[in-house]
Amino acid sequence: MKTLETKKAPAAIGPYSQAKVVGNFVFASGQIPVDPATGEVAGDKIETQAEQSCKNVGAILEEAGLTFDNVVKTTCFLADMADFAAFNAVYEKYFTSKPARSCVAVKQLPKNVLCEVEAIAVAE
């Protein structure tokens, strides 16, 4: 098992890592819409936050030598299910291979963000 870390995604804000590599699998921790360059939450609209969350997932995949096409499963968390359609409009630009997915509304997310995306990818 190997720990994966990149400066192109936000550093972990707790006792966890950005991702773990086990065999051919990469398990990426949930990515909230924090801009790694500033440490600040990206915008206050779901579209802007979804973009940043997806970019953060992409940075972790890149560090592992993978792309969004290697993702087999995602779990998406929304602060408000009313944002589902707008979130999907952004999500589908990145996850074009349509991995398996769960999407749930939660009471609250870290830093009061509107979304979080975690992913499991496999090297072929």
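The values are calculated or read from the model by the stated rules, or taken from the named source; none is laboratory data. The shown structure was predicted, so the numbers you read here are calculated from the model rather than taken from an experiment. Reconstructed Cβ throughout: ideal geometry from the backbone, glycine too, with neighbour counts over all protein chains shown.
Here is a check on your reading of the model: is Glu62 within 23 Å of Lys20 (Cβ to Cβ), in a helix (DSSP H, G or I) and in contact (Cβ under 8 Å) with a residue 12 or more places away in the chain?
Details: within 23 Å of Lys20 (Cβ to Cβ): yes; in a helix (DSSP H, G or I): yes; in contact (Cβ under 8 Å) with a residue 12 or more places away in the chain: yes.
Yes: the conditions hold for Glu62.
Hey, among Lys73, Lys55, Lys93, which residue is at pLDDT 95 or above, within 12 Å of the chain's Cα centre (by Cα) and over 18 Å from Phe27 (Cβ atoms)?
Lys55 is the lone residue from the list that is at pLDDT 95 or above, within 12 Å of the chain's Cα centre (by Cα) and over 18 Å from Phe27 (Cβ atoms).
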Among the numbered criteria (1) closer than 19 Å to Ala19 by Cα; (2) part of a strand (DSSP E or B); (3) in contact with a helix residue (DSSP H, G or I) (Cβ under 8 Å, 6 or more places away or on another chain), which single criterion is violated by Cys103?
(1)
Which of the strands (runs of 3 or more DSSP E) contained wholly in segment 1-52 include at least 3 residues that are modelled with pLDDT under 95?
none
Taking Ala50, is it within 13 Å of the chain's Cα centre (by Cα), in contact (Cβ under 8 Å) with a residue 24 or more places away in the chain and closer than 26 Å to Lys2 by Cα?
no
Test for Cys103: is it surrounded by fewer than 17 Cβ atoms within 10 Å (Cβ to Cβ), closer than 24 Å to Asp69 by Cβ and within 13 Å of the chain's Cα centre (by Cα)
yes
Quick one: what pairs do we get from segment 97-110, first residue farther than 21 Å from Ala85 by Cβ, second not β-branched (Val, Ile, Thr), C-beta under 7 Å, 6+ apart or different chains?
Gln108/Ala79
